[in-house]
Amino acid sequence: KPKHTTANISSSIESEDISLETTVPTEDISSSDEKDGAGKITKQLLERKELLHNLQKLKIELSQKNLLIDNLKVDHLTKVEELEERLNDALHQKQVLTLRLDSQLKLQQEENGKQQALRKQEMDTIMLRQKQLEETNRQLCDRAGDLRRSLRDLELSEEKYTELKDLSEDKLTIPEFVAIRFYEAVNPLRALATELQMKKSDLTEDLESHRCQIKSLMESYEEERRARSELEIRCQRLTLDLADTKQNIQEGDYKRENYDKIKRERDGYETEVRDLRKKLEILDITHTALTKERNDLNKEVATLQQSVNLLQKDKEFINRQNMELNVRCAHQEDRLDRLQMQLEDTKKAREDAYEKYVASRDHYKTEYENKLREELERIAMKTSHEIESLQRASKEMYERENRNLRETRDNAIIEKDRALNAERVSQDKHDQLLDQFRQLQLGSDSRVAELLNQVKLKKFELERSQMVQEETARNLNLCQIECEKHQKKLEARHYKLKVLTKEFYGLQTSSEKRITELHAQSSEQQARLETYERLEKELDDVTMQAAE
């Protein structure tokens, strides 16, 4: 439209110029020509007035359009200034956010370093505890070996026995206490053995006298040899049967009394050994699991360090954020404050739990020491009762044997012939029984002492292993809880980073769209300005021509 208007204006101006050139008055014109010229002048004047009126309208429209253009320019400039201010604010906020991000990353790195140091300290304490337990186990094994070695030589003299007897039981060592008990049990047996040897010597003298008498009477008894041989054979058979029956009775009584007890002890020891092996295997499995978890934690720390490096690289992409990040950053700061408050609460709860754990550990230690003392006293009482029962049994056995020997001596006096063979057999049997009794007594005493020591050691080791297992289980639970907390924190941080990256990319796309829209608007306005400038130039040209 403006092009068409300019073309019309230019054509009208040209026609006006032509008409002006043609309407120049001359001196050689007639009156009729003058009348025609006057009519033409009036028409041209009217046309000129119309053209001037149109020019004035166009000037008014031009001024109005110039005002509109000025207003648009002012609006454009104000918008540009506002956009520049927003851009400067966004750059300032970007710098503030980058500084905050750097400070937060430093704080997170410091927290990770502190947590790693704490974990290393905990692992070092666990390893030191394990080493201490191994050392205590070795020391206890060495003590058990020393006790076994010390319990081998249990012979005491009377002077030493009197010296040790005067002392109290608390001041005595375990081998001295066992040696005193052994001396008290064995000394009367030795006295009885000496008495029996004296009786044996007396009987041997009587036998020699009887032999002399038998030699003197051998001549008179030659006829009765046959009858005596038959009687001797019968007597031997009867004595053998009697000895066999006595042995069977004694062995049956001993086996019947002690079979169930020994079987129970053996079954108890076998079950204890199995339980201890199972617990050892469980402890080995837990140790391997702890080492695996430690390696996994080290790998996770390495991955976290790599992720931190990646985050530092990704930090360069956060330079294009806009105005909306400010509000979200404020929300993030509020969340961070809340998380820090929660962290402080969790730290306080952890310290309280650690104090409770220390108090419970001291309580369990005291309970364990009290249990040990009670069990030691109980075992001492049991050993004293068992030794007294053995002494009574041995006295009863010796009394029975003495009665039997007296009866045999009376029978030997009555029946000389029978007494000779029976005495030999009974003497041999008596010696064998004494040897067997001594061996059995020594073996039973040593076996009882060894079994008691083994029971004590195994109970002590079992309780120690239970304490170690409980401590390792508690440490494991604490480590697992801390690992879960760190995993949750890491997942929350990854989720926040993902959300921030998504928001950042959304803002980036929206800002790019806005920039493209602003570029398009500015290009349209520039095109309009160019058209307005062309119109102004053309109008200026028209006005200049009209002025000419």
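For Asn404, the conditions (1) in the same structural domain as Asn187 (by the TED database); (2) surrounded by 13 or more Cβ atoms within 10 Å (Cβ to Cβ) are fulfilled apart from (1). Could you tell me whether any residue of segment 49-68 is at pLDDT below 50 and surrounded by 10 or more Cβ atoms within 10 Å (Cβ to Cβ)? No, the conditions are met nowhere in segment 49-68. The residue that is least open to solvent (accessible area, probe 1.4 Å), among those in segment 337-373 that are of a type in the set (Asp, Glu) and within 18 Å of Thr125 (Cα to Cα), is Asp362.
Tell me whether segment 197-218 contains one or more residues that are outside any helix (DSSP H, G or I), within 29 Å of Asp417 (Cα to Cα) and out of contact with any His (no Cβ under 6 Å at 6 or more places or on another chain). Yes, there is a match, as at least one residue in segment 197-218 is outside any helix (DSSP H, G or I), within 29 Å of Asp417 (Cα to Cα) and out of contact with any His (no Cβ under 6 Å at 6 or more places or on another chain). For segment 314-336, the set of residues classified as modelled with pLDDT of 75 or more and open to solvent by 100 Å² or more (accessible area, probe 1.4 Å) consists of His331, Arg335, listed by residue number.
For (1) charged (D, E, K, R); (2) modelled with pLDDT of 80 or more, each residue gets a yes or a no:
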{"position": "Glu388", "(1), (2)": "yes, yes"}
{"position": "Lys395", "(1), (2)": "yes, no"}
{"position": "Tyr398", "(1), (2)": "no, no"}
{"position": "Asn402", "(1), (2)": "no, no"}
{"position": "Glu407", "(1), (2)": "yes, yes"}
{"position": "Asn411", "(1), (2)": "no, no"}
{"position": "Lys416", "(1), (2)": "yes, no"}
{"position": "Asp428", "(1), (2)": "yes, yes"}
{"position": "Asp435", "(1), (2)": "yes, yes"}
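Residues of segment 69-86 that are surrounded by 12 or more Cβ atoms within 10 Å (Cβ to Cβ) and not basic (Lys, Arg): Ile69, Leu72, His76, Val80, Leu83.
Looking across Leu128, Leu133, Leu147, Leu164, one residue alone is without any contact (Cβ under 8 Å) to a residue 24 or more places away in the chain, hydrophobic (A, V, I, L, M, F, W, C), assigned to a helix (DSSP H, G or I) and surrounded by 12 or more Cβ atoms within 10 Å (Cβ to Cβ). It is Leu164. Consider segment 287-307 and keep the residues that are of a type in the set (Val, Ile, Thr) and exposed (fewer than 14 other Cβ atoms within 10 Å of the Cβ). The one that is nearest to the chain's Cα centre (by Cα) is Thr291. Hey, could you check segment 167-196 for residues that are of a type in the set (S, T, N, Q) and surrounded by fewer than 13 Cβ atoms within 10 Å (Cβ to Cβ) and say which is nearest to Gly145 (Cα to Cα)? Looking at the filtered set, the residue picked out is Thr173. Checking every residue in segment 498-516 against the condition of being at pLDDT 80 or above and over 60 Å from the mean Cα position of the chain (by Cα) gives zero matches. Taken together, the residues in segment 503-548 that are among the β-branched types (Val, Ile, Thr) and over 22 Å from Lys65 (Cα atoms) amount to 3.
For segment 488-511, filtered to residues that are open to solvent by 90 Å² or more (accessible area, probe 1.4 Å) and not acidic (Asp, Glu), the residue that is nearest to Leu77 (Cα to Cα) is Tyr505.
For segment 517-542, a residue qualifies if it is more than 30 Å from Leu58 (Cα to Cα) and open to solvent by 60 Å² or more (accessible area, probe 1.4 Å), and the qualifying residues are Glu517, His519. A single entry from Arg514, Arg474 fulfils the requirement of being without any contact (Cβ under 8 Å) to a residue 24 or more places away in the chain, assigned to a helix (DSSP H, G or I) and either open to solvent by 60 Å² or more (accessible area, probe 1.4 Å) or closer than 30 Å to Arg378 by Cβ (or both): Arg514. Selection of segment 407-419 for residues being open to solvent by 70 Å² or more (accessible area, probe 1.4 Å) and aliphatic (A, V, I, L, M) yields Ile413, Ile414.
The values are calculated or read from the model by the stated rules, or taken from the named source; none is laboratory data. Computed from a predicted model, the values in this text were never measured in an experiment. Cβ sites come from the backbone with ideal geometry, for glycine too, and all protein chains shown count toward neighbours. Areas reflect the complete protein model, heavy atoms only, side chains present, ligands, DNA and RNA absent. Shrake-Rupley method; radii C 1.70, N 1.55, O 1.52, S 1.80 Å.
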